[in-house]
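Inspection log for the structure reproduced underneath, given as structure tokens.
The values are calculated or read from the model by the stated rules, or taken from the named source; none is laboratory data. All figures in this text were calculated on a predicted structure; none of them were measured in a lab. FYI the Cβ positions are ideal-geometry reconstructions off the backbone, even for glycines, and counts take in every protein chain you see.
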Amino acid sequence: MNKQIVLTAKDLSKTFSNESVQQHVLKNLNLNIYKGDFTVVMGNSGSGKSTLLYALSGMDRPSLGTITYFVEDNNRALKKTDGGIEISKLSNDKLALFRRNHAGFVFQQNYLNDSMSAMDNVMISGLLKSKNRRELASRAKELLAKVEINERDSRKFPTQLSGGQQQRVAVVRGVINKPEVLFADEPTGALNSQNTTNVLDILSELNGEGQSIVMVTHTVAAAERGNRIIYLADGVIADECDLGSYIGDYKDEQNPYREQAIERHRKLKDFLQEQGW
Ligand SMILES: Nc1ncnc2c1ncn2[C@@H]1O[C@H](COP(=O)(O)OP(=O)(O)OP(=O)(O)O)[C@@H](O)[C@H]1O
Ligand SMILES: [Mg+2]
């Protein structure tokens, strides 16, 4: 089955200039992201993973190169080239509009607004796109229930929730607008192991329902959730590994696919070892 490309990056370069020094972080990088994939980006600290994620998602602009999305959008202001929308050429306003409609985000720090309830944090994001408050509220409730935030907790302020609960709310906020791609930069980086598993389970579930995800991570346990692992080094994609979809925890004795899961885990470890990880 041919996978559909949701976004394509061509000859992407990002250079940071500090005083007299130029740092080339991304160097003519080429990459397709496919619909329905759970793509994981790994690489050493400072290799440019976050920089790549911010460029792909339109949060920052590349110095050179193009990023084209193949998504439905009837906004006539978003000019299409070859059937796609090239976001690197959009004005700031249009880029913000594009992001709001097509991209979702989860970060290591949840960046929830502490002055409003968990529910309102989700609703505010949703209302930027949808005007149907009722429909939105019901989707928000459904999603919050899915990540096990009950009604009472959804009325709390973020500071009244645990770190794990806050991050689950942040995931819900990331997907409330049904983005074509959910971008996550070390979404479990600040969580303990139980909460990490919990948030990863939610991401796996969303991906199982068709949500395309691009996630940066440093851990094997998180990477294992992906079906495609990309390894960044020296500003380019050094190599990638096709893992196949997640088939459950390889350590779980109740996992009916345990044998294959162990194989899959080995494949990932071997791949990372080859990269000198
Ligand atoms: N706004 C910026 N201005 C100047 N240099 C930057 C900026 N953002 C990133 N860099 C530099 O670009 C390089 C790549 O940074 P990036 O944050 O993409 O790395 P990373 O792979 O995400 O690392 P980590 O795993 O530690 O999060 C680093 O050397 C960093 O110092
Ligand atoms: Mg980073």
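Only one of (1) in a helix (DSSP H, G or I); (2) of a type outside the set (Asp, Glu); (3) under 28 Å from THR217 (Cα atoms) is not met by ARG152, so which one is it?
(3)
ASN113: polar (S, T, N, Q), more than 16 Å from ligand 1 (Cβ to nearest atom) and modelled with pLDDT under 95, yes or no?
Numbers: polar (S, T, N, Q): yes; more than 16 Å from ligand 1 (Cβ to nearest atom): yes; modelled with pLDDT under 95: no.
No.
How many of the residues making up the range 59-87 are over 19 Å from HIS24 (Cα atoms) and in a loop (DSSP other than H, G, I, E, B)?
So the answer is 12.
Could we say that LEU243 is free of Cβ contacts under 8 Å to residues at least 40 places away in the same chain, of a type in the set (A, V, I, L, M) and surrounded by 17 or more Cβ atoms within 10 Å (Cβ to Cβ) here? So that I can check it myself, show each step before the final result.
Values: free of Cβ contacts under 8 Å to residues at least 40 places away in the same chain: yes; of a type in the set (A, V, I, L, M): yes; surrounded by 17 or more Cβ atoms within 10 Å (Cβ to Cβ): yes.
Considered against the rule, which asks whether it is free of Cβ contacts under 8 Å to residues at least 40 places away in the same chain, of a type in the set (A, V, I, L, M) and surrounded by 17 or more Cβ atoms within 10 Å (Cβ to Cβ), LEU243 comes out as yes.
Is there any pair with a first residue in the range 42-70 that is within 12 Å of ligand 2 (Cβ to nearest atom) and a second that is among the acidic types (Asp, Glu) whose Cβ atoms are under 6 Å apart and which are 6 or more apart or on different chains, and what are they?
SER50/ASP185; LEU53/ASP185; TYR54/ASP60
Find the residue count for the range 24-66, including only residues that are farther than 20 Å from PHE98 by Cα, within 13 Å of the chain's Cα centre (by Cα) and away from ligand 1 (no atom under 12 Å from the Cβ).
4
Scanning for something among the aliphatic types (A, V, I, L, M) and either within 16 Å of ligand 2 (Cβ to nearest atom) or in contact (Cβ under 8 Å) with a residue 40 or more places away in the chain (or both), does the range 87-104 turn up at least one residue?
yes
Would you point out the residue of the range 159-190, among those that are more than 16 Å from ligand 2 (Cβ to nearest atom) and closer than 22 Å to GLY43 by Cβ, that is nearest to the chain's Cα centre (by Cα)?
In the first step, residues of the range 159-190 are kept if they are more than 16 Å from ligand 2 (Cβ to nearest atom); the result is 159-182.
Retained after the next criterion (residues that are closer than 22 Å to GLY43 by Cβ): 181-182.
Details: VAL181: 7, LEU182: 4 Å.
Taking the candidates together, the pick is LEU182.
Taking the range 24-41, which residues are closer than 20 Å to ARG225 by Cα, within 16 Å of ligand 2 (Cβ to nearest atom) and either free of Cβ contacts under 8 Å to residues at least 24 places away in the same chain or not polar (S, T, N, Q) (or both)?
VAL40, VAL41
Answer yes or no as to whether ALA222 is among the aliphatic types (A, V, I, L, M), within 14 Å of ligand 2 (Cβ to nearest atom) and buried (at least 22 other Cβ atoms within 10 Å of the Cβ). So that I can check it myself, show each step before the final result.
On the way: among the aliphatic types (A, V, I, L, M): yes; within 14 Å of ligand 2 (Cβ to nearest atom): yes; buried (at least 22 other Cβ atoms within 10 Å of the Cβ): yes.
Criteria met by ALA222.
Looking at the range 114-127 only, could you name the residues that are touching a residue at least 40 places away in the same chain (Cβ under 8 Å) and loosely packed, with under 15 Cβ neighbours inside 10 Å?
Selection gives ASP114, SER115, MET116.
Could you please find all residues in the range 206-219 being surrounded by 17 or more Cβ atoms within 10 Å (Cβ to Cβ) and within 16 Å of ligand 1 (Cβ to nearest atom)?
First pass over the range 206-219, keeping only residues surrounded by 17 or more Cβ atoms within 10 Å (Cβ to Cβ): 206-207, 211-217.
Within the range 206-219, VAL214, MET215, VAL216, THR217 qualify.
Kindly establish whether ARG99 is of a type in the set (D, E, K, R), assigned to a helix (DSSP H, G or I) and more than 13 Å from ligand 1 (Cβ to nearest atom).
Against the criterion (of a type in the set (D, E, K, R), assigned to a helix (DSSP H, G or I) and more than 13 Å from ligand 1 (Cβ to nearest atom)), ARG99 qualifies.
Could you tell me whether the range 74-84 includes any residue that is over 18 Å from VAL216 (Cβ atoms), crowded, with 21+ Cβ neighbours inside 10 Å and away from ligand 1 (no atom under 16 Å from the Cβ)? So that I can check it myself, show each step before the final result.
Let us first name the residues in the range 74-84 that are over 18 Å from VAL216 (Cβ atoms), namely 74-84.
Within this subset, residues satisfying the condition of being crowded, with 21+ Cβ neighbours inside 10 Å are none.
No, that holds for no residue.
Going by what's in this entry, would LYS14 be described as surrounded by 12 or more Cβ atoms within 10 Å (Cβ to Cβ) and either under 18 Å from the mean Cα position of the chain (by Cα) or at pLDDT below 95 (or both)?
So LYS14 does not fit the description; no.
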